[in-house]
1. Can you confirm whether segment 59-70 contains a residue that is in contact (Cβ under 8 Å) with a residue 60 or more places away in the chain and either of a type in the set (A, V, I, L, M) or surrounded by fewer than 17 Cβ atoms within 10 Å (Cβ to Cβ) (or both)?
2. Are any of the residues in segment 242-249 within 30 Å of residue 55 (Cβ to Cβ) and loosely packed, with under 12 Cβ neighbours inside 10 Å?
3. Failed condition for residue 58, given (1) of a type outside the set (D, E, K, R); (2) part of a strand (DSSP E or B); (3) closer than 21 Å to residue 161 by Cβ, with all others met?
4. Which of the numbered conditions does residue 83 fail, given that it passes all the others? Conditions: (1) under 22 Å from residue 170 (Cα atoms); (2) surrounded by fewer than 21 Cβ atoms within 10 Å (Cβ to Cβ); (3) touching a helix residue (DSSP H, G or I) at 6+ places or on another chain (Cβ under 6 Å).
5. Looking at segment 246-257, which of its residues are within 20 Å of residue 27 (Cβ to Cβ) and either outside any helix (DSSP H, G or I) or among the aliphatic types (A, V, I, L, M) (or both)?
6. Do any residues in segment 97-121 that are over 29 Å from residue 151 (Cα atoms) and in contact (Cβ under 8 Å) with a residue 12 or more places away in the chain have Cβ atoms under 7 Å from those of residues that are part of a helix (DSSP H, G or I) and aromatic (Phe, Trp, Tyr), where the two are at least six apart or on different chains, and which pairs are they?
7. Suppose we keep only residues that are among the small types (Gly, Ala, Ser) and more than 12 Å from residue 96 (Cα to Cα) within segment 64-80. Which one would you say is modelled with the lowest pLDDT?
Amino acid sequence: MTRAVRIGVQIQPQHAPDYGLIRDAVLRAEDAGVDIVFNWDHFYPLSGDPEGAHFECWTMLGAWAEQTERVELGALVTGGGYRNPDLLADMARTVDHISNGRLILGIGAGWFEKDYDEYGYEFGTAGTRLALLKENMARISARLKKLNPQPTREIPILIGGGGEKKTLRLVAEYADVWHSFADLDSLAHKNKVLADHCAAVGTDQSQIERSVQWPGAEEAQAFVDAGVSLFTIGVSGPKYDLSEVELAIRWRDEVNPEQVSGLA
């Protein structure tokens, strides 16, 4: 194992009519020992009542930055088409400072059409959304270099997605973390595709952390053997049951030589 395993929890901001339920879940997750607390960047629930209670991503991250002390935090992932990329870079820099250097900037091309239609964004096609993400990544990178004050650290970029021609090329160019939705059988192939893109752009592919959703303790080691070191468990409101998160943390502590913080 070349990286220590990390455990994230995605506090999905749906079906919690009282924000205090989310605040409490974040507190419990940090106390339990997670490494990262994520939310997601949607405007409506993705499961259950489609018109159920829901809160916005980035204002919430600012509150989490003040509330927490140790964990890294971010969106899994920000919708690439929702915000002006220069503004998003400034938002990320601000949350980076509020958190004293604990933000991960997670971003993807976006996929949930209702978010776009209801809030007045152009949904387009998968191709146009990926083209916009490519443009946005260049603008975010440029804006981060211009901001005053500068971020407290080089903010880690997490890119989510698995498209082999376009998304993995952007991962090779910009990402510190790649969040894949691939199953174990296809992960090895996508790792090879990513390695080829990295070679083409001059990136050391070993420096990009591999991230997946938690597959359960019985299967997690096989993903570690395939190069994964970040696992995230999603939990939904209103109860935000962290029992599986606690199991994953115990597993992490068994396979890691010691506890770590930050990007391993």
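The values are calculated or read from the model by the stated rules, or taken from the named source; none is laboratory data. All values reported here derive from a predicted model rather than from experimental measurement. Note that we place each Cβ from the backbone using ideal geometry, even for glycine, and neighbour counts take in every protein chain shown.
1. To start, the set of residues in segment 59-70 that are in contact (Cβ under 8 Å) with a residue 60 or more places away in the chain comprises 70.
Adding the requirement that they be either of a type in the set (A, V, I, L, M) or surrounded by fewer than 17 Cβ atoms within 10 Å (Cβ to Cβ) (or both) leaves 70.
Yes, there is a match, as at least one residue in segment 59-70 is in contact (Cβ under 8 Å) with a residue 60 or more places away in the chain and either of a type in the set (A, V, I, L, M) or surrounded by fewer than 17 Cβ atoms within 10 Å (Cβ to Cβ) (or both).
2. Initially, segment 242-249 is screened for residues within 30 Å of residue 55 (Cβ to Cβ), giving 242-249.
With loosely packed, with under 12 Cβ neighbours inside 10 Å added as a condition, the list becomes 243.
Yes, there is a match, as at least one residue in segment 242-249 is within 30 Å of residue 55 (Cβ to Cβ) and loosely packed, with under 12 Cβ neighbours inside 10 Å.
3. Residue 58 satisfies all of (1) of a type outside the set (D, E, K, R); (2) part of a strand (DSSP E or B); (3) closer than 21 Å to residue 161 by Cβ except (2).
4. (3)
5. Of everything in segment 246-257, those that are within 20 Å of residue 27 (Cβ to Cβ) and either outside any helix (DSSP H, G or I) or among the aliphatic types (A, V, I, L, M) (or both) turn out to be 247, 248, 249.
6. none
7. Initially, segment 64-80 is screened for residues among the small types (Gly, Ala, Ser), giving 65, 74-75, 79-80.
Keeping just the survivors that are more than 12 Å from residue 96 (Cα to Cα) gives 75, 79-80.
Values: 75: 98, 79: 96, 80: 93.
That would be 80.
Residue by residue, here is whether (1) under 17 Å from the mean Cα position of the chain (by Cα); (2) surrounded by 15 or more Cβ atoms within 10 Å (Cβ to Cβ); (3) aliphatic (A, V, I, L, M); (4) closer than 24 Å to residue 231 by Cα holds:
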| residue | (1), (2), (3), (4) |
| --- | --- |
| 11 | yes, yes, yes, yes |
| 17 | no, no, no, no |
| 22 | no, yes, yes, yes |
| 27 | no, no, yes, yes |
| 33 | no, yes, no, yes |
| 36 | yes, yes, yes, yes |
| 39 | yes, yes, no, yes |
| 42 | yes, yes, no, yes |
| 45 | no, yes, no, yes |
